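Only one structure is covered here, and it is reproduced in the block below.
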Amino acid sequence: MAAKEHAYSINLRWTGNLGEGTKKYTSYSRDHEIQAAGKPLILGSSDPSFRGDSQKYNPEDLFVSTLASCHMLWYLHLCTVNKITVVSYEDNPKGIMIEDEKGSGRFKKVTLFPSIVIKEDKLALAEKLHHEAHEYCFIANSVNFEVACEPTTSIV
């Protein structure tokens, strides 16, 4: 099958001009809005460590959630294909980012902790499908660090 190309477009708008623009490091807010056509607005900022608003999503939050949601969507698909009925799926992923002495940084690891409830007595297969979901995940395939998965599965 030939490769397919998919395009994604969003609008990012900085809302943090407090009157002086970026005249000084402390003269502006890191607040911004993220939106795609026909979708709800996401209020963003930077991490509070970088003068951001802790009440808004920061790029690191969104990045970790993107890895988790991509994995979940592939997992649900694979369960459907393998006749496993998922009745509940929740994840509390954790990302570790390191900041170097220059102020640059990078993620070194994200660990997913999905907790799944299924109907069928297929625990071994349900666990195995996490590895397969990881292989298919577009986002996990796009990063250069470890994305680990420590699932917990139970039967209803």
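Data overview
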{"item": "Residue list for segment 101-119, filter: outside any strand (DSSP E or B) and loosely packed, with under 15 Cβ neighbours inside 10 Å", "result": "GLU101, LYS102, GLY103, SER104, LYS119"}
{"item": "Residue tally, condition closer than 13 Å to GLY52 by Cβ, within 21 Å of the chain's Cα centre (by Cα) and either of a type in the set (Phe, Trp, Tyr) or assigned to a loop (DSSP other than H, G, I, E, B) (or both), over segment 13-37", "result": "2"}
{"item": "Residues that are β-branched (Val, Ile, Thr) and out of contact with any helix residue (DSSP H, G or I) (no Cβ under 8 Å at 6 or more places or on another chain), drawn from segment 121-156", "result": "THR152, VAL156"}
{"item": "Residue tally, condition among the small types (Gly, Ala, Ser) and surrounded by 11 or more Cβ atoms within 10 Å (Cβ to Cβ), over segment 2-20", "result": "1"}
{"item": "Index of the failed condition, SER69 passing every other in (1) within 25 Å of LEU12 (Cα to Cα); (2) assigned to a strand (DSSP E or B); (3) of a type in the set (Ser, Thr, Tyr)", "result": "(2)"}
{"item": "Matching residues in segment 79-100 - criterion: being in a helix (DSSP H, G or I) and either crowded, with 19+ Cβ neighbours inside 10 Å or modelled with pLDDT under 95 (or both)", "result": "CYS79"}
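The values are calculated or read from the model by the stated rules, or taken from the named source; none is laboratory data. Everything numeric here is computed off the predicted structure, so don't read it as measured data. A quick note on method: Cβ atoms are made from the backbone with ideal geometry, for glycine too, and the neighbour counts reach across all protein chains shown.
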